[in-house]
1. If we count every other residue with Cβ under 13 angstrom of residue 19's Cβ, Lys/Arg +1 and Asp/Glu -1, where does the sum land?
2. What list of ³J(HN,Hα) values in whole Hz, one per residue of the range 35-46 in order, does the Karplus curve 6.51 cos²θ - 1.76 cosθ + 1.60 (θ = phi - 60°) give from phi, with Gly and Pro shown as x?
3. Sorted from largest down, give the three principal axis spans of the alpha carbons of the range 39-88, whole angstrom values.
4. Each residue of the range 15-31 in turn: what ³J(HN,Hα) in whole Hz from Karplus with 6.51, -1.76, 1.60 and θ = phi - 60°, glycine and Pro shown as x?
5. Order by neighbour count: 77, 52, fewest other Cβ atoms within 10 Å first, most last.
Amino acid sequence: MSSHPPVDRQPAPQARAPRSADEIEKDFLDLMMSGIPADIAHDKFERLWDETNALAASTMMTSQALPYIALLKRMHTAFDERYPRRAG
C-alpha cells in the first residue's frame, strides 16, 4: 500500500494572489537601479509591464485599476528615459 494519497485527494496548488501596484513598482525601481545591460532590462521590463497591464485590465472600470494605470504611466516614462529604443 502506498503512503501517498490518491491523486484526486491531493490539495490543489494555491494560485498566487495578484501583486499590488506597490509590489510591482518596487521590482521596477530595483530594475531601474540595477545597471544591467539594456537587452536584459528590456526583457525584465516587458514581464513587469505585462503583469501590470494584465492587472489593470482585469480591474478596469473599478477604482482598483487606478494604481496599476498610474504605475504603467510612470514605468513607460522612466524606462524610456533610462533605456531609449535603438534606431533601426
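1. Local charge sum for residue 19: -3.
2. Rounded to whole hertz, the list is x, 6, x, 4, 5, 6, 4, 4, 4, 5, 4, 4.
3. Taking max minus min along each principal axis of the Cα atoms, the range 39-88 gives 39, 16, 16 Å.
4. Ordered by residue, 3J(HN,Hα) equals 6, 6, 5, x, 7, 6, 4, 5, 5, 5, 4, 4, 5, 5, 5, 4, 4 Hz.
5. Numbers: 77 10, 52 22.
The fewest-first ordering by Cβ neighbours comes to 77, 52.
Where a number appears in this text, it was derived from the coordinates with a stated rule and is not lab data. Please read all numbers here as calculations on a predicted model, not as lab measurements. Cβ sites come from the backbone with ideal geometry, for glycine too, and all protein chains shown count toward neighbours.
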